[in-house]
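First up is the structure itself, then whatever we jot down about it.
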Amino acid sequence: MKKIINVALPKGRLGEKVYDLFEKAGYPCPSIKEPNRKLVFENEEVGVRYFWVKPSDVAIYVERGAADIGVAGKDILLEYAPDVYELLDLQMGKCWMAVAAKAGFVDDRNRTLTVATKFSNIAKQYYFGQGRDVDIVHLNGSIELAPILGLSDVIVDIVETGATLRENKLEVVEKFVDISARLIANKSSFQFNRQKIEEIRKGLEIQTEKK
Amino acid sequence: MTDYRQILSVEEWTALKLRALYASQGYRQYKMRKFEPYDLYVQNKDFLMDEAVITFTDTDGRLMALKPDVTLSIIKNSRDEDGTQKVYYYENVYRVAKGTQAFKEIMQVGVECFGDITREDLVENLLLAAKSLDEISCDNILEVSHLGVVAGTMESCGLVGGAKKRALVALGEKNVQALKGICAQEGIDEENTSAILSLVVVCGDIDEVFASLDKLAKGDKAKACVAEFKAILLALQEKGVADKIRIDFSLVENVNYYSGLTFKGFVEGIPTSVLAGGEYNNLMKKMKRNARAVGFAVYLDGLAKAEGLS
């Protein structure tokens, strides 16, 4: 029986684009595009089983072996540091991890900087690298509100076009990491399915280079 | 007669089989206390997987710690002797479980071999690791690397200091694009960049990659390590275990702990490695021991989750 490779895809617009890339690379599963609420889709012929999961959970599914491979944002990989292989930059969902603040903000190094973010580990590492004393405020959403309401001096967040920042009279202070979607693999699964996973990676690489 | 397999858990049963295996190969059991003076771990924190240690104050006021690692205790409490000393252990260690920020008790069985270690001892240790995996399941793979080859290749191609550290992280992720980026930042030419990327690409069975190993060897250190590594791989082929061996230089975790030969065992159906080991000569030097050492540990805590281990 053909070994099926389990693929965790991030739910949402990015996930749909990622699936299209897999399809073009030779791993289609037409039922995935049918309007229904199913979460698992299989094409036994080409040996893949896709499932939709919350984007921030993809790395957990792969690290714990529920999925052999998956597609996760670099932001999630940096924040949670899962023990997985990062096989390919799919050049999709491109954006930056950036520090932003109210327009005209000047960092006063005489006092502790308050930083609001969803990405506490990334922010800690960034400021630790600069020897900067910071107070991290972990938030789960609407990060842009924090400097407006005085909850923080700056925010560390993902910036794509900067439109949300501009609308809230915030500006980028520094972009410090490039973010995009990455193909990841479970380390144990990779050893037992190396050939198949390498085939998928090569197929995706060819499609990525074509874009 | 009592069928003990019906009574024992998969971890207990596997531990028994492994203990019998190691005893049959001439290893003697090393029994130790559950705790050590905390100083031992502070002085050697570079050799621990995680710096977090459970501590308590003993009745005489000394700060003690529950063992987060067995090897440190064995090396600390043993003496230099002629020849090689071969011991096995069956102990619990206490470490922070990844992602939980909580301590966990982990049952470990393992072997340590120290003294005048020869190539034959290294091969014997790898064979014993392969046999240990066979005791857990017939669907297993032993991933093997040589940190001397990795470090020698990187250094002779111009990656040193912080750049080498970042490159090791990227290699551990098999992240070709990140490695290319680091080489570009460091102004490394195309030929040397290609040699560094080969550390990711050269991966597979012994037959598949044996000829490519020479292409990696840049600089005297890497060449000597490649020659040593090839001799070990040939010996493994002669012993008939080549089908279970995968050469993979992305195995660069715990570079502080291991030097030279390093290996990791995987079993189909278990998402993490169940065995990890290698040469730990740096630790021996740090503990002022005039000897080389090699060993491995089998992690039994994940076995219960896998179904149908054969």
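For the residues A:Val58, A:Val48, A:Val62, A:Val71, the requirement of being crowded, with 21+ Cβ neighbours inside 10 Å, in contact with a Cys (Cβ under 9 Å, 6 or more places away or on another chain) and under 25 Å from B:Val267 (Cα atoms) singles out A:Val48. Taken as a whole, the range A:63-76 holds at least one residue that is among the charged types (D, E, K, R), touching a helix residue (DSSP H, G or I) at 6+ places or on another chain (Cβ under 9 Å) and under 19 Å from A:Ile158 (Cβ atoms). Scanning the range A:147-188 for residues that are touching a Phe, Trp or Tyr at 6+ places or on another chain (Cβ under 8 Å), part of a strand (DSSP E or B) and of a type in the set (Gly, Ala, Ser) returns a single hit, A:Ala185.
Inside the range B:131-166, residues that are under 24 Å from B:Leu213 (Cα atoms) and more than 14 Å from chain A (Cβ to nearest Cβ) make up a count of 17.
Looking at the range B:3-117, the helices (runs of 4 or more DSSP H) lying wholly inside it that each contain 2 or more residues that are among the polar types (S, T, N, Q) sit at B:10-24, B:71-77. Counted as qualifying within the range A:1-113 are the strands (runs of 3 or more DSSP E) with 2 or more residues that are away from every other protein chain (no Cβ under 14 Å) and in contact (Cβ under 8 Å) with a residue 24 or more places away in the chain, namely A:5-10, A:48-53, A:69-73, A:95-102.
Within the range A:128-144, being farther than 17 Å from A:Ile76 by Cα and in a loop (DSSP other than H, G, I, E, B) holds for A:Gln130, A:Gly131, A:Arg132, A:Asp133, A:Ser142, A:Glu144. Within the range B:82-97, the set of residues being surrounded by 17 or more Cβ atoms within 10 Å (Cβ to Cβ) and among the hydrophobic types (A, V, I, L, M, F, W, C) comprises B:Val87, B:Val93, B:Val96.
Taking the listed residues B:Leu63, B:Leu40, the one that is in contact with a Pro (Cβ under 8 Å, 6 or more places away or on another chain), free of Cβ contacts under 8 Å to residues at least 40 places away in the same chain and over 20 Å from B:Val255 (Cβ atoms) is B:Leu63, with no other qualifying.
Considering only residues that are in contact with a Gly (Cβ under 8 Å, 6 or more places away or on another chain) and either not assigned by TED's automatic domain parsing to the domain that holds B:Gly110 or not hydroxyl-bearing (Ser, Thr, Tyr) (or both), look in the range B:36-92 and name the one that is modelled with the highest pLDDT.
For the range B:36-92, the residue satisfying everything is B:Lys86.
Can you tell me which residue in the range B:260-291 is nearest to the other protein chains (Cβ to nearest Cβ), limited to those that are farther than 11 Å from B:Asn140 by Cβ and among the small types (Gly, Ala, Ser)? Of everything passing the filter in the range B:260-291, B:Ala276 is nearest to the other protein chains (Cβ to nearest Cβ). In this structure, does A:Gly150 turn out to be loosely packed, with under 15 Cβ neighbours inside 10 Å and either hydroxyl-bearing (Ser, Thr, Tyr) or within 14 Å of chain B (Cβ to nearest Cβ) (or both)? Judged against the criteria, A:Gly150 is not a match. Taking the numbered list (1) surrounded by 14 or more Cβ atoms within 10 Å (Cβ to Cβ); (2) within 23 Å of the chain's Cα centre (by Cα) in turn, B:Ala195 passes all entries but (2). Within 30 Å of B:Cys203 (Cα to Cα) and crowded, with 17+ Cβ neighbours inside 10 Å: does that describe A:Ile200? Yes, satisfied. Considering the conditions (1) assigned to a helix (DSSP H, G or I); (2) hydrophobic (A, V, I, L, M, F, W, C); (3) exposed (fewer than 15 other Cβ atoms within 10 Å of the Cβ), B:Cys138 is excluded by exactly one of them, (1). Counting the residues of the range B:247-277 that are touching a Phe, Trp or Tyr at 6+ places or on another chain (Cβ under 8 Å) and of a type in the set (A, V, I, L, M) gives 5. Filtered by the rule that a residue be under 22 Å from B:Arg246 (Cα atoms), assigned to a helix (DSSP H, G or I) and more than 8 Å from every other protein chain (Cβ to nearest Cβ), the range A:191-210 gives A:Gln195, A:Lys196, A:Ile197, A:Glu198, A:Glu199, A:Ile200, A:Arg201, A:Lys202.
The values are calculated or read from the model by the stated rules, or taken from the named source; none is laboratory data. Model, not experiment: these values are computed from the prediction. We place every Cβ from the backbone using ideal geometry, glycine too, and count neighbours over all the protein chains shown.
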